[in-house]
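*Asks:* Input: one structure, supplied below.
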Number of protein chains: 4
Amino acid sequence: MAVRVGVVNVTGFAGMEAARLLRSHPGAELAAATGRSLAGRRLGEAFPHLAAYGDFPITAELEADVDVVFSALPTGASAEACAPLVRRGVRVVDIAADFRLRDADEFAHWFGVAHPAPELLDRAVYGLAELHAAAIAEADLVANPGCYPTAAILALAPALAAGLIEPRVFVDAKSGISGAGRGGGGGHGYSDANEDVSAYRVANHNHQPEMVQELSRLREGPPVAVTFVPHLVPMTRGIHATCHAPLARPVTQAEALAVYRDFYAGEPFTVVSETPPHTKHATGSNACLVHPAVDERNGALVAIGALDNLMKGAAGSAIENMNLMFGLPREAGLDRPALYP
Amino acid sequence: MAVRVGVVNVTGFAGMEAARLLRSHPGAELAAATGRSLAGRRLGEAFPHLAAYGDFPITAELEADVDVVFSALPTGASAEACAPLVRRGVRVVDIAADFRLRDADEFAHWFGVAHPAPELLDRAVYGLAELHAAAIAEADLVANPGCYPTAAILALAPALAAGLIEPRVFVDAKSGISGAGRGGGGGHGYSDANEDVSAYRVANHNHQPEMVQELSRLREGPPVAVTFVPHLVPMTRGIHATCHAPLARPVTQAEALAVYRDFYAGEPFTVVSETPPHTKHATGSNACLVHPAVDERNGALVAIGALDNLMKGAAGSAIENMNLMFGLPREAGLDRPALYP
Amino acid sequence: MAVRVGVVNVTGFAGMEAARLLRSHPGAELAAATGRSLAGRRLGEAFPHLAAYGDFPITAELEADVDVVFSALPTGASAEACAPLVRRGVRVVDIAADFRLRDADEFAHWFGVAHPAPELLDRAVYGLAELHAAAIAEADLVANPGCYPTAAILALAPALAAGLIEPRVFVDAKSGISGAGRGGGGGHGYSDANEDVSAYRVANHNHQPEMVQELSRLREGPPVAVTFVPHLVPMTRGIHATCHAPLARPVTQAEALAVYRDFYAGEPFTVVSETPPHTKHATGSNACLVHPAVDERNGALVAIGALDNLMKGAAGSAIENMNLMFGLPREAGLDRPALYP
Amino acid sequence: MAVRVGVVNVTGFAGMEAARLLRSHPGAELAAATGRSLAGRRLGEAFPHLAAYGDFPITAELEADVDVVFSALPTGASAEACAPLVRRGVRVVDIAADFRLRDADEFAHWFGVAHPAPELLDRAVYGLAELHAAAIAEADLVANPGCYPTAAILALAPALAAGLIEPRVFVDAKSGISGAGRGGGGGHGYSDANEDVSAYRVANHNHQPEMVQELSRLREGPPVAVTFVPHLVPMTRGIHATCHAPLARPVTQAEALAVYRDFYAGEPFTVVSETPPHTKHATGSNACLVHPAVDERNGALVAIGALDNLMKGAAGSAIENMNLMFGLPREAGLDRPALYP
């Protein structure tokens, strides 16, 4: 019987993408979809690309019985919505940032509010399947990773785990505009964002502590230092993270590639590429393309991760985590190639 | 058992898209793929978004036994490749323009060469399933429609068939740049095509006679006059055809919508929209979104069609025709929602 | 001595563009700039591309003595702001739509409000210099044309004036997103507008009566019937109008070109092109590129106009009108080539 | 009397841009323009945005007497064309990479050919006016800097000169597609480049030694280590360089800003910004927007430079250097605001 999924805030890009993926999932189905601004509307009419859903209602609150909830609410609001669900036994994948940091003080520091449900932080599992598949399978609360951290952590993990690099990385990431959300106001109008590149929240973005936390778990020793600079580039979908780090010892290109291939052997979505990957090769798919390049001249590693921010960076990863939680094949509903060109 | 498909010229955008769709088709599979420039390469390496195909070889000639061939060769070359296949009993869907015009002289006029296999023209069925599903199901040679004609014919067919408009139409169509093919030379470099709109082959494009032929079959009387102006707009995928025609009699907006809904009742891919459709709502899907708007002030109909030129305008339609030819469900392999945003 | 210009609503795209052009105008200068939302801010800081203006203040009301005002307010608000200025002898170029239609009832019909200053309509001159240069030079109130009408009227005027076509035209126009204004909300966020084409206000846009009024003045007889369909395409700047009309008599391509060249002989900004023009060839310039193409097969004319909507379609045209009003060379401040690519 | 300029290879983007700028330069004029593929064509017809040049001929060889030549040939070919000109006393600004590296061995290493005129390397001055204005004014051979180095060097120079950072930098740069040249083949077709970000020549691009050379001149001690990773992003114009480096000592944000402002005090084109700059704020202008951001948490500096690659990154800088060489005002012909949006 199909897993019944409730999507909270189906009207944002991540929620909408989850609904899209569930439409053709062989073992799960959309059972409920909420969205305050469009409550009362029909899903197939509010979003013409989801016309196949027809009269499926968008409601103000979750009204159907569901086996699992995907929360795509804004940070803060998400924890408030998820906490009562978890307490009454509904499994939750939180696509927001509320349960990613294990330390409530860190959360308060970065998000400027006290955590609404700190007692749940210990139960939450960081939902990056390449690192924590077994724990995700047992979890009732999964914190879906941020789009930037997914790209950066997958790019750096093999090198840190193998001791190839110093624990001092510079993550320079480029995101398509859909990462700014469906609202799209405040400088994300077409005329402003088109033909433009800019950095924002330089070394001050709340995805940074998430990278520090997860990268630091990959090795012994002090926390990994991460200077993180996100940029917006004029495209809709895609994250490209270029991570620079000093080598800890001499490494050849062949050795780096071998370390990466070993680390990701058997992984269905993480593809180690011999050449620098293109975000466009992941559009609409759940792939994360990873490429290590050794700068022998300067003793540095350049590790690149590329993915679709709404797929592996959000809704695709949520489906992947649900698959693990409910014993479904990890690739269920996620097996279509990228849309190219 | 799965239908075995050979894709001739998998290295163009249409052939590549067919391979993508076959990857997740429940009743068909890619059995062979040719492409001269990349012969000897592996499909999954030549096109990273098709990585799931792994070592599947690209060959110079069709080497496997196949039940059906999709030819995505350039016009002229395609008929030469298809003719021997048809003669020895392999069913063919020709994605090129070679078998669309029923008149060999018209072909010679528009393409500047004699038709390579005129004796096959009578056997070819014009592969627009909304108009010719029964004939397609029986055909061994299907001429897949052009991308522009698909949008324009689907936009105009109900109005012409119901006698709402005079047989005098102005088709003003806008195409994404992928319509110009994978080569992309000659002004289709990014820096030239970006931030630009231009018309080309004004009233002189070889998709015009295709529109005349098919639109004229929808009604009694002389051929439909079609002034066709194609434009390139800075996006990758999408065709938007706005068709202007004088009303033949007074028509209300409600009546026009009713005529369109009746005409397309039960059709799986043609969606009649109450508001002007967006090409983006069809990206990656096989939908054609159709919208009639009555200009009461001036006694005219504006009929709009919007689709993805590589899907309903090329490879999606080829899959749809194959489904009909082999008794598969019409939507097999074509049931995923559009990718939005 | 330089003409002193006040720009009312400098914070919209048209006002901002006027300020940009005035910065390097040899005979005029920005003397005052208003903008409610940013009143109190400095121009060079609010808009980094205008950094050369440094501390030039944005004020809530016009505070300096000025010779002429450019009003870039929304329609309705603009007439209210312009009327008292005109009454006290300040010359005005209204970039909004308030003084374009000569008939107050037509205005009320299309804009849904009574005209705020109907007694001024007779004094207003329609500011399309190619048609009304002498009247503009004498005017104290100039109604700057809309962006779509500028492209369509310049494309059609020679053919209508010479009697080449029937007074029945279909104007199919494509606009960059900056035409929707700086706000950019309501579907003009990057992620929605990118990779999309759609029509809007089909046969119901308030630029239609403007075309009817001006095109009808070019010939004897009843008003010209205009079916006008605007589209948004994913680029920032540019208008491309493709105008379809039945020929009134047989016309050759050479004759059409000759008629157009005669009509625009000596015009500094209207360029008759032998091939279909590209909007990109006008970006940042005041040019309007015009191209007539005869569809001999069907007895139709396809007349194309291409321009930059913020230049010839708004602020460039305002500068051009000011030059005429103050006896400056028509090309003053408008003599730089387009920015390509 | 106007300086007479010859543009060698006017048919590339940089040469074309130089012609555009010369059209409205108050003290210089285009006197000759060469271009092999279009020799015999007229400039105003080959490039419609340069229509104002009308019948100005494109020739195979320089045919007019000129005071200075801008060479926009490919690297290697450029030195061969420039050397005889320099020897016979024509002043040269080389927009190619041929005279940037002072060491002929370095040139051979990075470009794979022996330098065609090594004896001229000593006479060549690196044409970055912010650093070498006096030498440029005296030079007869100026090596115009690369687009990436211009952004990176201007972003890093104040910090290196003041000893704020260690001589170990990671330059992560993003370029619009016009940087790949007018040919635009090989993956720069619209359909491939649109909606894509990718890195290329990771830590192996020939602009790296140029950065090392010039950055190392700013301080005592060993050469600066530079890991350089260029990326292509889907826009036409613009370079955005984000430079990461460890701080050499504790530095506050206010101190960093003060150091940068002092360094660039009086500079006409280099603007120190308090917030992360946008490439779009420099489009079509000669500005380089610079922004230092201190990452106090990790003891790092993030220094950003943003510019238009065809202006300050190529032709604008060539004009600026010519102005210095001929005693013209540095901003002559370069004083227009950026085109925004």
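The values are calculated or read from the model by the stated rules, or taken from the named source; none is laboratory data. Everything numeric here is computed off the predicted structure, so don't read it as measured data. Glycine gets a Cβ as well: all are built from the backbone with ideal geometry, and neighbour counts include every protein chain shown. Areas reflect the complete protein model, heavy atoms only, side chains present, ligands, DNA and RNA absent. Shrake-Rupley method; radii C 1.70, N 1.55, O 1.52, S 1.80 Å.
*Asks:* Whose Cβ in chain B comes nearest the axis that rotates B onto D, and by how many Å?
*Replies:* Axis-proximal residue of B, distance in whole Å: B:Tyr190, 2.
*Asks:* To the nearest 20 debye, what is the magnitude of the charge dipole of segment A:147-309 about its Cα centre, counting +1 on the Cβ of each Lys and Arg and -1 on the Cβ of each Asp and Glu?
*Replies:* In debye, rounded to 20, segment A:147-309 gives about 160.
*Asks:* Here's something else I'd like to know. Helix-only estimate, please: 222 nm mean residue ellipticity of the protein assembly as shown, summing -39500 (n - 2.57) across DSSP H runs of length 4 or more and dividing by its residues, to the nearest 500.
*Replies:* After summing the helix terms and dividing by residue count, I get -7500 deg cm²/dmol.
*Asks:* I would also like to ask the following. Between A:Glu63 and B:Glu296, what is the label-to-label distance in nm when each label sits 7 Å out along the Cα-to-Cβ direction?
*Replies:* 3.5 nm
*Asks:* Right, next: Expressed as a rounded percentage, what relative contact order does segment D:147-309 have, with Cα pairs under 8 Å and six or more residues apart?
*Replies:* Worked out over segment D:147-309, it gives 32 percent.
*Asks:* Oh, and also: Give the lysines whose C-alpha is closer than 29 Å to that of A:Lys280, dropping any in the same chain fewer than 8 places away, or say none.
*Replies:* Hits, sequence-local ones excluded: A:Lys174, A:Lys312, B:Lys174, B:Lys280, B:Lys312, C:Lys174, C:Lys280, D:Lys174, D:Lys280.
*Asks:* Net charge within 14 Å of D:Ser273 by Cβ-Cβ distance, Lys/Arg positive one each and Asp/Glu negative one each, not counting D:Ser273 itself?
*Replies:* Taking every Cβ under 14 Å from that of D:Ser273, the sum is -1.
*Asks:* Taking only Cα atoms of chain A, what ratio of Rg to Rh do you get with Rh as the Kirkwood inverse-distance radius?
*Replies:* Result for chain A is an Rg/Rh of 0.96.
*Asks:* For the pairing of chain D with chain C, what total accessible surface becomes buried, with a 1.4 angstrom probe, in square angstrom to the nearest 100?
*Replies:* Approximately 2500 Å² gets buried when D meets C.
*Asks:* Here's another thing I want to ask about it. Build a GNM of chain B with springs between Cα atoms under 10 Å: which of B:Leu324, B:Leu257, B:Leu50 gets the top mean-square fluctuation?
*Replies:* Most flexible of the set in this elastic network: B:Leu50.
*Asks:* Computed FRET efficiency, Cβ-Cβ of D:His109 and D:Glu138, R0 45 Å: what is it to the nearest 0.05?
*Replies:* About 0.95, to the nearest 0.05.
*Asks:* Sort largest first and round to whole Å: the equivalent ellipsoid semi-axes of segment A:35-146, each the square root of five times a Cα gyration tensor eigenvalue.
*Replies:* The equivalent ellipsoid of segment A:35-146 has semi-axes of 27, 16, 13 Å.
*Asks:* Taking only Cα atoms of segment D:267-341, what ratio of Rg to Rh do you get with Rh as the Kirkwood inverse-distance radius?
*Replies:* Rg/Rh: 1.08.
*Asks:* Continuing with the same structure: Using protein chains only and a probe of 1.4 angstrom, how many square angstrom of A:Arg201 are accessible, to the nearest 10?
*Replies:* For A:Arg201, solvent-accessible area is about 120 Å².
*Asks:* Using a Förster distance of 22 Å, how high is the FRET efficiency between D:Arg102 and D:Glu267, based on the Cβ-Cβ distance and rounded to 0.05?
*Replies:* E(calc), rounded to 0.05, equals 0.35.
*Asks:* Could you work out how far apart the two model spin labels at C:Arg88 and B:Asp55 are, taking each label as a point 7 Å from the Cα in the direction of the beta carbon, and quote it in nm?
*Replies:* 8.6 nm
*Asks:* Still on this structure, I have one more. With Rg and the Kirkwood Rh both taken from Cα atoms, where does Rg over Rh land for segment B:106-215?
*Replies:* 1.00
*Asks:* For C:His49, what is the net charge nearby, where nearby means another residue's Cβ is under 9 Å from its Cβ and Lys, Arg count +1, Asp, Glu -1?
*Replies:* +2
*Asks:* When chain D is treated as a GNM, springs tying every alpha-carbon pair under 10 Å, which of D:Pro276, D:Pro234, D:Pro84 comes out with the largest mean-square fluctuation?
*Replies:* Maximum among the listed residues: D:Pro84.
*Asks:* Given points 7 Å out from each Cα along the Cα-Cβ axis, report the A:Thr252 to A:Met1 separation in nanometres with one decimal.
*Replies:* 5.8 nm
*Asks:* In the protein assembly as shown, what percentage of the DSSP-assigned beta bridges are antiparallel, given to the nearest 5?
*Replies:* Roughly 50 percent of the beta bridges in the protein assembly as shown run antiparallel, per DSSP.
*Asks:* Among bridges DSSP assigns within segment B:147-309, what percent are antiparallel (round to 5)?
*Replies:* 70 percent
*Asks:* May I ask you to give the percent of accessible area on chain C that is carbon plus sulfur, with a probe radius of 1.4 Å?
*Replies:* Carbon and sulfur together cover 49 percent of it.
*Asks:* Nearest 5 percent is fine: what portion of the DSSP beta bridges confined to chain D is antiparallel?
*Replies:* Rounded to the nearest five, the antiparallel share is 45 percent.
*Asks:* Hey, can you find the accessible area per residue of segment D:135-221 for me, probe 1.4 Å, expressed in square angstrom?
*Replies:* Dividing the accessible area of segment D:135-221 by its residue count gives 25 Å².
*Asks:* For segment C:37-78, report the % of Cα-Cα distances exceeding 16 Å.
*Replies:* So the pairs more than 16 Å apart make up 49 percent of the total in segment C:37-78.
*Asks:* If you take the alpha carbon radius of gyration of the protein assembly as shown and divide it by 2.2 N^0.38 Å, what ratio comes out, to two decimals?
*Replies:* 0.91
*Asks:* Here is a follow-up. In Å, what Rg and Dmax follow from the Cα atoms of segment D:147-309?
*Replies:* Here Rg and the maximum Cα pair distance are 15.7, 48 Å.
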